[in-house]
Amino acid sequence: MENQITTGNAPVNGISMYYEIHGEGDIPLVLIHGGGSTIQSSFSTLLPLLSKDNKIIALELQAHGRTSDRDAPESFAQDADDVAALLKHLKIDKANIIGFSNGASTTMQIAIRHPGMVNKIVVISGAYRRDGFIPGFFDGFPHATLANMPEPLQADFLAVTPDRNKLQVMFEKDVQRMENFKDWPDDELKSIKAPALFMSSDKDVVIPAHTVQMATLVPDAQLAILPGTHGFLIGEAGTGTEGGKLANVAATLVELFLKE
C-alpha cells in the first residue's frame, strides 16, 4: 500500500506556501529543496525511501513550484522564517529537517534562528561562505540567463506551475541571491545546538574541505562525503542517477542518524 499524501497551501508571511505530507511518524521530517527546484526535482528519489519510516513534510519555498512570490528578494533567513511559520501553522512544535543545496543553507539558518523548533538537521551540499564553493562558481551569475538553467529543473517547475513568466522570476531571484551571497560568521554555526549530519559529494559544487569545516564548527556534528557530483547522492533530477543505489546509501545514513 502506498502512503497517502496530503497536500495544501498555507498562508506564511505574506505568501501561500505549498506543502505535502507523506507517511507517518512521531517527529516529522521536513524536506527543503535546492535552488531552482521543486519537491519532485530535488527529492523524487529520496522521498519515497524516507517516507517508509517517517512522516515527511515536503515544501516549496518562495517563488518556487506551487508557492507564491512576494515583492522582496529571496534570502536564506527569510526562507528559514517561512519554514518555521509553516510548522507553526501545522501545529508542529519540533521537527527534523533535511535541506539540499540552497535548502541546506536554509536548514542551517532554521537551526540558528529557530533552535527550539529543531530536533536534528541534515545538511546536504550546503555552504556558509563564498570560498566554500569550487573556483569560478560565482563567475557566471552576472550574465546568467534562463537558458543556463538545467532543462530538467525547468521542466519540473513548468509541470506544476505552467507559467514561464513565474519561472523567469524565480530564476532571476535565485541568481540575485547567489550574486549577493555574503559569508556568515563562524559563530553562527558554532551556535547550532541541534545534532547535525553534514553530507556532500566528493565532486560537488561545495568543496569537501568546506563540508568538513562546517562539521567541525557545529558541536559534535557528523560527516559523510560520498562519490559523485552535485545532487548525485540524492538522485536529483538531471543527474542521471534518479532511483540509483547511492540514494539508498544516503537514505540509510540519514535513517541511522535520525534513530540515534
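The values are calculated or read from the model by the stated rules, or taken from the named source; none is laboratory data. Treat the numbers as computed from the prediction; the structure is a model and nothing was measured. Because the Cβ atoms are built from the backbone with ideal geometry, glycine has one as well, and the counts that use them run over all protein chains shown. Calculation scope for accessible area: heavy atoms of the full protein, side chains included, ligands and nucleic acids excluded. Shrake-Rupley method; radii C 1.70, N 1.55, O 1.52, S 1.80 Å.
Report the normalised scattering of region 150-260 as log10 I(q)/I(0) at q = 0.16, 0.19, 0.24 Å⁻¹, calculated by the Debye formula with identical scatterers on the alpha carbons.
Values returned for q = 0.16, 0.19, 0.24 Å⁻¹ are -0.97, -1.14, -1.21.
Kirkwood hydrodynamic radius, the chain, all distinct C-alpha pairs: what's the number in Å? Please list the in-between numbers first.
Working: mean 1/r = 0.0553 Å⁻¹.
Its Kirkwood hydrodynamic radius stands at 18.1 Å.
Under 20 Å from a point 7 Å along the Cα-to-Cβ line of residue 163: which residues of region 38-71 have their amide N that close?
Once the point is set 7 Å along Cα→Cβ of residue 163, 38-41, 59-71 turn out to lie under 20 Å by backbone N, inside region 38-71.
What translational diffusion coefficient, to the nearest whole µm²/s, does region 131-192 have by Stokes-Einstein, given a Kirkwood radius computed over alpha-carbon pairs, a temperature of 10 °C and 1.306 mPa s viscosity?
116 µm²/s
Under a point spin-label approximation (7 Å from Cα along Cα-to-Cβ), what is the residue 179-residue 24 distance to one decimal in nm?
Modelled inter-label distance: 5.0 nm.
Cα convex hull of region 1-79: how many Å³ per residue?
Numbers: hull volume 7.4 nm³, N = 79.
So the per-residue Cα hull volume is 94 Å³.
Quick check on the chain: helices-only [θ] at 222 nm, where DSSP H runs of length 4 and up contribute -39,500 (n - 2.57) each and the sum goes over total residues. Nearest 500, please.
Working: 9 runs with 92 residues, N = 260.
That comes out to -10500 deg cm²/dmol.
Please give the per residue accessible area of region 96-228, computed with a probe of 1.4 Å over protein heavy atoms only, in Å². Could the numbers behind the result be given before it?
On the way: 5760 Å² over 133 residues.
Per residue, region 96-228 has 43 Å² of solvent-accessible surface.
Could you report the accessible area of residue 24 in Å², rounded to 10, computed with a 1.4 Å probe on the protein chains as they sit in the structure?
Surface open to solvent at residue 24 totals about 150 Å².
Percent of accessible area on the chain owned by carbon and sulfur, 1.4 Å probe? Walk me through the numbers before you get to the answer.
Numbers: 5910 of 11190 Å².
Its accessible area is 53 percent carbon and sulfur atoms.
With each pseudo-label sitting 7 Å past Cα toward Cβ, what's the residue 144-residue 220 distance in nm, one decimal?
Between residue 144 and residue 220, the label points sit 3.7 nm apart.
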